[in-house]
Amino acid sequence: MDVRTVTGAAADRRQAVRPWRFLAGLLRARRRPLLLALAWSLVESAPALLAGLLVATAVDRGFLAGRPGVGMAWLGLLGATMVVRSVATRLMFPHLAAVVEPMRDELVRAVAGATVRRAADGGQAPDAAALSRLTGQVETMRKLVSTMLRTSRELGMSVIAALVGLLVLSPVAAAVAAGPLVLTLAAFARLMPALTARQRALVLAEERLTAQATPIVAGLRDVAACGARAQAADTLRALVSAQAAAARALAWAGTGRRVAVLLGAHAPLVGLLLLSRPLIEGGRLSAGEVVGAVTYLFTGLEPALRTILDTLGGWGVGLAATTRRIAETIAVPGPAEAGTPATAVAGPVDAGTPATAVPAGHVLRAERLTFAYAARATPVVRDLDLTIGEGGHLAVVGPSGVGKSTLALLMTGLLRPTGGRVRLGGRPLDSIPGASVRSRIALVPQEAYVFAGTVRENLAYLWPLGESPDDERLRASVAAVGAGPLVERLGGLDGEIDEPSALSAGERQLVALARVHASPAGVLILDEAGCHLDPAAELRAESALAARPGTLVVIAHRISSAVRARQVLLMDGTTVLTGTHRELIDRSPLYADLVGRWHDDGTR
């Protein structure tokens with residue numbers, strides 16, 4: 001499937017999508033295996049069509065006529081149809097698999113593509129709820145489609161065959177069964193919208209739980225540091241309670257489905273048995289026809305109808321709600337897109353800002369920047385105003401857990417602020433396309449990322465697709481940050497890193513620091529990126545990055561990073577102070593205390 005970004009009319013079409021139409025679009029692309037599965041289903045329904053007729057004939061022309069051998073022969077013919085049914089079922093399943101499995105693969109690609117493109121090109125933070133759609137809802141949809149096709153195909157044919165056979169056997173018996181059946185189906189049709197709405201409410205509650213619990217769990221250190229345990233617990237408790245309430249509401253609505261199933265499955269059979277004696281005595285039915293009609297109702301219509309109503313009321317409702325939710329994130333194909341059942345849709349962009357906004361330079365500015373991990377939690381960052389000029393060098397210091405790493409994520413756009421905004425080159429960070437942000441801002445976290453591949457591939461990782469630095473630039477960056485001996489030991493730029501975990505934490509940090517030095521980014525943010533290096537190695541790497549053209553922000557692990565910086569931001573959990581190293585020693589007892597905990601060589 002070609003996963004593309006869809007805008008304009010396609011996005012409008014996404015908003016108006018109906019789940020069954022969306023599902024029909026998916027199935028149309030697999031018309032041939034679906035038709036083959038249907039053809040074998042027709043063969044499979046032979047026992048349901050012939051059972052009552054063969055039993056009635058065996059009774060009237062065989063056993064009641066004093067010819068038991070003839071009766072057994074007719075029953076033997078019924079057994080033969082069962083063998084045919086088994087063969088047809090076996091031959092049908094490969095065609096059913098050819099419908100369901102490729103559909104699942106397309107949905108995974110579409111949901112993943114939509115999520116990645118929304119985060120990368122839309123300038124948005126990754127969608128945490130997409131994890132629920134990708135891992136849970138797509139697999140649920142695959143199972144439900146498989147189950148629905150398998151059961152509705154078989155049981156639908158059984159119901160049709162039983163009704164046709166009953167009508168051929170005795171129109172009177174068919175009329176007796178039809179009344180309760182029609183009333184049951186009408187009642188069930190009125191119940192379906194309520195069931196679907198409550199199933200959708202449950203799906204959305206599960207998504208909200210995933211989306212809002214993820215940042216709370218990821219920020220447990222900041223939650224604990226800010227004394228927000230109670231607020232975080234209240235938020236999680238409310239989310240779990242909402243999900244449980246939605247599940248209970250769906251269960252209560254399901255009681256009506258069970259009543260409808262009970263009436264639809266048993267009322268026709270009970271009605272026929274109650275009327276059988278007067279119908280036989282009046283010459284309207286023979287004994288064999290009564291037995292044949294009961295056979296149709298008891299072995300064909302009753303179990304098939306019960307299972308179909310259970311399936312539609314349970315799995316069908318779940319399929320409708322899940323399909324609709326997935327369809328809301330990927331567009332329905334237009335008429336010209338046959339064979340392309342879903343395409344990725346970019347997420348919403350601020351209507352007041354062009355999506356192609358390009359920052360002018362690399363001035364990084366925070367304007368009343370605020371962030372809290374939950375609605376009632378104490379903000380980790382509150383009303384921060386900060387400007388880091390072009391070519392600036394800022395060190396961020398403070399006790400552990402006060403939100404320094406959170407600030408780094410806000411500056412890179414990986415976290416969206418709950419108040420205020422971040423600007424890059426005069427443009428709001430959330431209005432700049434993600435690919436443009438990545439080419440201008442690079443973050444090196446404490447746990448450096450190194451992947452299996454060549455040294456060259458690891459060092460060029462931060463360059464846009466289709467672009468790469470020349471080897472001279474890579475070698476210069478390696479030498480500048482002091483990673484030369486490591487790269488030489490690995491076999492040079494062509495050396496293979498087969499097991500990244502075999503490298504020490506410090507060696508992985510050297511690779512990451514050389515990578516960011518060689519990158520095209522004009523703003524570098526180091527989040528304790530040299531904490532596993534010795535002070536001399538960290539000094540060399542940080543000095544090389546400071547000498548590089550562009551802006552440098554260092555989340556300081558050692559106070560020596562603050563000494564080298566031209567500007568220092570002190571965070572203490574409630575207020576922030578900015579100034580030079582010397583100014584903050586004079587102005588802030590906390591900063592002076594932090595400095596006093598370090599030895600002259602920069603170690604603790």
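The table below gives the values:
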{"quantity": "Unmet criterion (only one of (1) open to solvent by less than 60 Å² (accessible area, probe 1.4 Å); (2) assigned to a loop (DSSP other than H, G, I, E, B)) for Q446", "calculated": "(1)"}
{"quantity": "Residue within region 473-495 that is within 33 Å of the chain's Cα centre (by Cα), basic (K, R) and surrounded by 15 or more Cβ atoms within 10 Å (Cβ to Cβ) present", "calculated": "no"}
{"quantity": "Single condition S439 does not satisfy, out of (1) among the hydroxyl-bearing types (S, T, Y); (2) surrounded by fewer than 20 Cβ atoms within 10 Å (Cβ to Cβ); (3) within 25 Å of the chain's Cα centre (by Cα)", "calculated": "(3)"}
{"quantity": "Count of region 468-507 residues which are part of a helix (DSSP H, G or I) and either in contact (Cβ under 8 Å) with a residue 60 or more places away in the chain or not hydrophobic (A, V, I, L, M, F, W, C) (or both)", "calculated": "14"}
{"quantity": "Scope region 212-229; condition among the hydrophobic types (A, V, I, L, M, F, W, C) and at pLDDT below 75; matching residues", "calculated": "A218, L220, V223, A224, A225, C226, A228"}
{"quantity": "Looking only at region 457-472, and only at residues there that are surrounded by fewer than 17 Cβ atoms within 10 Å (Cβ to Cβ) and over 27 Å from the mean Cα position of the chain (by Cα), the one that is modelled with the highest pLDDT", "calculated": "E472"}
{"quantity": "Restricting region 63-84 to residues that are among the β-branched types (V, I, T) and open to solvent by less than 60 Å² (accessible area, probe 1.4 Å), the residue that is farthest from P47 (Cα to Cα)", "calculated": "V70"}
{"quantity": "Flag for T57 being in contact with an Asp or Glu (Cβ under 6 Å, 6 or more places away or on another chain), modelled with pLDDT of 70 or more, within 29 Å of G165 (Cβ to Cβ) and among the polar types (S, T, N, Q)", "calculated": "no"}
{"quantity": "Test: residue in region 388-405 that is in a helix (DSSP H, G or I) and buried (at least 17 other Cβ atoms within 10 Å of the Cβ)", "calculated": "yes"}
{"quantity": "Residue that is most open to solvent (accessible area, probe 1.4 Å) [pool: residues in region 408-427 that are in contact with a Phe, Trp or Tyr (Cβ under 7 Å, 6 or more places away or on another chain) and part of a loop (DSSP other than H, G, I, E, B)]", "calculated": "T418"}
{"quantity": "Out of A233, A242, A246, sole residue that is under 38 Å from the mean Cα position of the chain (by Cα), modelled with pLDDT of 75 or more, closer than 30 Å to A211 by Cα and open to solvent by less than 30 Å² (accessible area, probe 1.4 Å)", "calculated": "A246"}
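The values are calculated or read from the model by the stated rules, or taken from the named source; none is laboratory data. Here the structure is a predicted model, which means the values were calculated and not measured. Glycine gets a Cβ as well: all are built from the backbone with ideal geometry, and neighbour counts include every protein chain shown. Side chains are part of the model used for accessible areas, which takes the heavy atoms of the whole protein and leaves out ligands, DNA and RNA. Shrake-Rupley method; radii C 1.70, N 1.55, O 1.52, S 1.80 Å.
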